[in-house]
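Since the structure comes first, as structure tokens, the remarks are kept for the end.
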Amino acid sequence: MTSSAEQTQSADRPLALITGVGRTVGIGAGIARRLAAAGWDIAFTFWNPYDERMAWGKEPGATEAISETLAEQGAATAAIEADLADPDTPARVFDQAEQRLGPVGALVMCHCESVDSGLLDTTVESFDRHFAVNTRATWLLIREFGRRFTAERGTGRIISLTSDHTVGNLPYGASKGAMDRITLAAAHELAHLGVTANAINPGPVDTGWMTDEGRAHCVRATPLGRLGTPQDTAHLVDFLCSREGGWVNGQLLMSNGGFS
């Protein structure tokens, strides 16, 4: 699927591929807006069936609204519908991004499967889906990036968003923990390309999933007395994707306002 705002790649603008950009209020959309303003073209993935089965539901018109906002920042855009539970999808996403906009210079992974359940009530189906989306897809996306990267040494960037939430959220937390290891391995295994790889833990960012009780708890547990915002994460991603951020590599970064 291609958004109506898709354009030809801009001259002298590198391309960032951002996964999990399904809603205008999401972290992925915030990162896309920040990188577009910083001079990147943007290919992004979305998967409406995930949002449809979550409490917040599908946001009608989100893909078009996000694409139009990015275009206003001067970015060429490509919206790619992608079921990352399918192991063939990561290669297809790269194929489409390259065909529409050119080679990918930064891979930012914001996609996730996140359904609350604990040790005693997690189903095998749910466990496997979490690892397929959060862990296996991350590996396959990074693998495609490493196989295809041809840009100037030192300019490639890989960033994944992680979480340390495990209690009552077993499959999500466990699969994100495995994702961390894969991301950090890329810092070493793709060193010959001059690619950096880092994982960011953004802490509690309310994009529509938090209860009033959970929101109040997180505010109390954060020294700055507020929740995180997509913009907080986006500014760090922007720095890591810049030339100035090129010495930060192989790190699991806490960007959470001191939340504990």
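Over 18 Å from Thr19 (Cα atoms), surrounded by 19 or more Cβ atoms within 10 Å (Cβ to Cβ), in contact with a helix residue (DSSP H, G or I) (Cβ under 7 Å, 6 or more places away or on another chain) and in contact (Cβ under 8 Å) with a residue 24 or more places away in the chain, is that true of Pro171? Reasoning before the result, please.
Details: over 18 Å from Thr19 (Cα atoms): yes; surrounded by 19 or more Cβ atoms within 10 Å (Cβ to Cβ): yes; in contact with a helix residue (DSSP H, G or I) (Cβ under 7 Å, 6 or more places away or on another chain): yes; in contact (Cβ under 8 Å) with a residue 24 or more places away in the chain: yes.
Yes, satisfied.
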When Gly22 is evaluated against the numbered criteria (1) modelled with pLDDT of 90 or more; (2) surrounded by fewer than 20 Cβ atoms within 10 Å (Cβ to Cβ); (3) in contact with a strand residue (DSSP E or B) (Cβ under 8 Å, 6 or more places away or on another chain), which criterion, by number, is the only one it fails?
-> (2)
Take the residues in the stretch 177-203 that are in contact with a helix residue (DSSP H, G or I) (Cβ under 6 Å, 6 or more places away or on another chain) and farther than 13 Å from Ile158 by Cβ, then tell me which one is surrounded by the most Cβ atoms within 10 Å (Cβ to Cβ).
-> Pro202
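Got at least one residue in the stretch 178-190 being of a type in the set (Gly, Ala, Ser), assigned to a strand (DSSP E or B) and modelled with pLDDT of 90 or more?
To start, the set of residues in the stretch 178-190 that are of a type in the set (Gly, Ala, Ser) comprises 178, 185-187.
Narrowing further to those that are assigned to a strand (DSSP E or B): none.
Looking for residues that are of a type in the set (Gly, Ala, Ser), assigned to a strand (DSSP E or B) and modelled with pLDDT of 90 or more, one finds none in the stretch 178-190, hence no.
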Out of the residues in the stretch 81-115 that are out of contact with any Leu (no Cβ under 9 Å at 6 or more places or on another chain), under 26 Å from His165 (Cβ atoms) and not small (Gly, Ala, Ser), which is modelled with the lowest pLDDT?
-> Val115
List pairs: first in the stretch 181-200 and at positive phi, second part of a loop (DSSP other than H, G, I, E, B) and not β-branched (Val, Ile, Thr), Cβ under 7 Å, 6+ apart or cross-chain?
-> Gly194/Arg153; Gly194/Gly154; Gly194/Gly156
Examine the stretch 121-137 for a residue that is over 16 Å from Thr19 (Cα atoms), free of Cβ contacts under 8 Å to residues at least 24 places away in the same chain, of a type in the set (Val, Ile, Thr) and surrounded by fewer than 17 Cβ atoms within 10 Å (Cβ to Cβ), and state whether such a residue exists.
-> yes
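Residues checked against (1) among the aliphatic types (A, V, I, L, M); (2) under 21 Å from Leu240 (Cβ atoms); (3) in contact with a strand residue (DSSP E or B) (Cβ under 6 Å, 6 or more places away or on another chain); (4) assigned to a loop (DSSP other than H, G, I, E, B):
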residue: Ala85; (1), (2), (3), (4): yes, no, no, yes
residue: Gln96; (1), (2), (3), (4): no, no, yes, no
residue: Glu113; (1), (2), (3), (4): no, no, no, yes
residue: Asp128; (1), (2), (3), (4): no, no, no, no
Say whether the condition of being within 17 Å of the chain's Cα centre (by Cα), under 18 Å from Cys112 (Cα atoms) and either surrounded by fewer than 21 Cβ atoms within 10 Å (Cβ to Cβ) or of a type in the set (Gly, Ala, Ser) (or both) is met by at least one residue in the stretch 240-255.
-> yes
What tally of residues in the stretch 211-260 results from selecting those that are under 23 Å from Thr24 (Cβ atoms) and touching a Cys at 6+ places or on another chain (Cβ under 7 Å)?
-> 1
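The values are calculated or read from the model by the stated rules, or taken from the named source; none is laboratory data. These numbers come from a predicted model, not from an experiment. In this analysis, Cβ positions are derived from the backbone assuming ideal geometry, glycine residues included, and neighbour counts consider all displayed protein chains.
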